[in-house]
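Read through the structure below, which is laid out as structure tokens, and then see the notes.
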Amino acid sequence: MEKYIFNWKTALLIGVLLLIGGCSSKSNAVYEESIQKGLDAIAEDNFSKAEGLFEMATKAKEKDPKAKALLNQVQLILKSDDLMKENKIDEALKSLEQSIEVEEGSKVIVSKARDKKEVLLSHQKGQTHYNTLLTDAKNLTQSGDYQKANGKLDELLKADLSQFASIKDEATKLKESNNTIIRNAEVAQAQKNAQAQQNAQAQKNAQAQNAQAQKVAQAQKEAQAKVAAAEKEAKKDIQPNTLSADDVVVHYSILANGELELLSQSIILKVGQRLVLTRDDHNKISERTMFSSDGVIDTFHNTNGFIAIAPGTTDISILPGDDWDRSKVITVTVIN
């Protein structure tokens, strides 16, 4: 854009030098032509081109308040566009309001500025609405109501979030995290129901067939052994040592296709606080856990338990199988 403006300014300056030549009539012609072409550019929403033309008009008549007013209006609109790109909505609106209030300015430019202002206000209103939905979803997640939280997130993700990439990204990650928690809860409930049904059937069989009591008892024992083995397998990485209330637990899963799902990738610990990595799936794909030996964290009792030992920042990498492309990194920041 800047190169385009520079070429316009250069061409127009050359034109001014050729036309003016100390002649007042030519200066007036350049002035009138620059003003008219600048307004034509405004009608086409080409504010950069209009800026160059209005600058030429001020060169032709340096003391002319009209040209200065038009140039000021356009520059304030361009400034607002730049602020919008930085997501500084309030400052962008202020710049547009200043463009509207310029004395001796163009009503056409005022109309353009007001149109842009309406677009910005609509953008700001949308941003506020989307942030409210995201905040509600976060609060519901914190309270453990993951289904309702996902309902808010679904409403949010159905909207056009092309201009709100950060909101979309955060909402997507939160929904993925909620879905993982919901799936784990469903699996746990299914196991609980299966166990309850098994116990009920075992009791019924024991009451109805005393002669087969020993056989039923043995079946129960075997079933309980399987459940205990499954629970032990599920929990083997949850408690590398006795957990305390201050411990931070990070859940992850490796899908059947080898994809790694990791709920948290940025952790803050205090010195002495522990981090426990917990694998939630039962796939046979193995994984490796690696970390930097830089004195910030260290393991305790097994490789899935870490303890913060000094302030600093370090990384923990989880590698499913030997597929580095699917590895993920947890950034750990330790503070006093």
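Modelled with pLDDT under 90, of a type in the set (Asp, Glu) and in contact with a Pro (Cβ under 9 Å, 6 or more places away or on another chain), is that true of Glu287?
Details: modelled with pLDDT under 90: yes; of a type in the set (Asp, Glu): yes; in contact with a Pro (Cβ under 9 Å, 6 or more places away or on another chain): yes.
Criteria met by Glu287.
Taking the stretch 32-87, which residues are of a type outside the set (S, T, N, Q), in a loop (DSSP other than H, G, I, E, B) and under 44 Å from the mean Cα position of the chain (by Cα)? Passing the criteria: Glu44, Asp45, Glu86.
Would it be correct to say that Asn150 is over 16 Å from Ala50 (Cα atoms), of a type outside the set (D, E, K, R) and loosely packed, with under 15 Cβ neighbours inside 10 Å? Spell out how you get there, then give the answer.
Details: over 16 Å from Ala50 (Cα atoms): yes; of a type outside the set (D, E, K, R): yes; loosely packed, with under 15 Cβ neighbours inside 10 Å: no.
In short, no.
Can you tell me which of Ile267, Ile318 is at pLDDT below 90, surrounded by 15 or more Cβ atoms within 10 Å (Cβ to Cβ) and in contact with a Leu (Cβ under 9 Å, 6 or more places away or on another chain)? Every option except Ile318 fails the conditions. If the condition is being out of contact with any helix residue (DSSP H, G or I) (no Cβ under 8 Å at 6 or more places or on another chain) and hydrophobic (A, V, I, L, M, F, W, C), then the stretch 39-76 contributes only Ala69. Scanning the stretch 286-336 for residues that are in a strand (DSSP E or B), acidic (Asp, Glu) and touching a residue at least 40 places away in the same chain (Cβ under 8 Å) turns up nothing.
Going by what's in this entry, would Thr141 be described as free of Cβ contacts under 8 Å to residues at least 60 places away in the same chain, buried (at least 19 other Cβ atoms within 10 Å of the Cβ), hydroxyl-bearing (Ser, Thr, Tyr) and under 30 Å from Asn179 (Cα atoms)? Judged against the criteria, Thr141 is a match.
Entry remark, the stretch 292-301: residues being surrounded by fewer than 19 Cβ atoms within 10 Å (Cβ to Cβ) and either over 22 Å from Thr313 (Cβ atoms) or of a type in the set (A, V, I, L, M, F, W, C) (or both) number 2 in total. Taken over the stretch 153-172, the criterion of being assigned to a helix (DSSP H, G or I) and surrounded by 19 or more Cβ atoms within 10 Å (Cβ to Cβ) is satisfied by Leu153, Leu156, Ile167, Ala171.
Rundown of residues vs (1) buried (at least 16 other Cβ atoms within 10 Å of the Cβ); (2) farther than 30 Å from Ala165 by Cβ, yes/no style:
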| site | (1), (2) |
| --- | --- |
| Val30 | yes, yes |
| Ile35 | yes, yes |
| Glu51 | yes, no |
| Lys85 | no, no |
| Val102 | yes, yes |
| Ser106 | yes, yes |
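The values are calculated or read from the model by the stated rules, or taken from the named source; none is laboratory data. Given the structure is predicted, the values throughout are model-derived calculations rather than measurements. Don't worry about glycine lacking a Cβ; one is built from the backbone with ideal geometry, like all the others, and counts go over all protein chains shown.
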